[in-house]
Amino acid sequence: MKATDKVEIGTTGLQVTRLGLGGVALSGAPPATDPGQNTSEMEATHLIHRSLDLGVNYFDTAPMYGVGQSERRYGDALRDVERERYVLSTKVGRVLDPVEPGSMEMAWSFDFSRQGAIRSFETSLERLGLDDVDILYIHDPDDHYQQALTQTFPFLMELRAQGRVKAIGAGMNQWEMELQFAKEGLFDCFLLAGRYTLLDQTALPEFLPYCVERNISVVAGGPYNSGILAVGPRQGATFNYRAAPPEMMDKAQAINAVCERHQVPLRAAALQFILAHPALASVIPGARSVSEVEENVQLIEYPIPVALWADLKQEKL
């Protein structure tokens, strides 16, 4: 597998590279595990351009990421890039407003109404400096299923019919509601964060087979489960954005021991495991620097012996 191999999103004709670029880290928002490690605007521009130079063509963002800064940084970096060179996704379901009248500081709030989705989409286009996006996701409608289905989703369908987006879906940290959406409507793809990883395969029995059967593509966000598969099972490692519970720490330690035995980086196994499933089109780890972008390409292409996967299966991992 090459990081730049391409896969079609559903039946849309959109072709995305197996490795994409998540938009949280480059937004300038510091990670909870290291508040001092934020990405400058210049570095964000460089890492987006370096991704393009390496052949990565899929970029994901959302209004929430950096409270608009992720979209704005993508817009600035891609302003003079030929539109056919990249596939870009963003999201609706959150709107941005000043924290108080006249303030330049923005805050986000949920809004899955039709008008909220319209405002979210139009302001995203302004920050991105674009007239359209390729993929539009409904973002985290966990507590708003009915409104998202009856108000947000019809708006997305209209945009797709008008050609202003090419593919529509939902982006969530759970698979159960995404499966409900898949059964209710004509979704092309889903962004699933953290529920099909080397550590957490809860989406495997029901959700992924359904997507394969219906030719719905899945993009994997959060491939390191928010940290533990990136830094390894060490003190302070996070799982699902919280301190890793003992059972996940133990499982990660066992997986890491197998990887060390075969001299394979844990992160390489984490990324390649995800992409081995036929439902998965792309994986989108974030990057805070050019070196991380380059490393992600190397990890996707790192040679992993078949024996490693056999050992993981034998040890019921």
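A few notes on this one:
- Globularity index of the chain, i.e. its alpha-carbon radius of gyration over 2.2 N^0.38 Å: 0.96
- Straightening the chain between T150 and R214 buys 20.9 nm, computed as 0.36 nm per residue apart minus the Cα-Cα spacing.
- For segment 175-225, the solvent-accessible area works out to 35 Å² per residue, with a probe of 1.4 Å and every protein chain left in place.
- FRET efficiency for the pair M1 and L317, taken as 1/(1 + (r/R0)^6) with r the Cβ-Cβ distance and R0 = 22 Å, rounds to 0.55.
- Shown for the chain: the carbon plus sulfur share of the solvent-accessible area, taken with all protein chains present and a 1.4 angstrom probe, equals 50%.
The values are calculated or read from the model by the stated rules, or taken from the named source; none is laboratory data. This structure is a prediction, so every number in the text was calculated from the model and none was measured. Positions of Cβ are generated from backbone atoms using ideal geometry, with glycine treated the same way; all protein chains shown enter the neighbour counts. We work out accessible area using only protein heavy atoms, side chains counted, and drop any ligands, DNA or RNA first. Shrake-Rupley method; radii C 1.70, N 1.55, O 1.52, S 1.80 Å.
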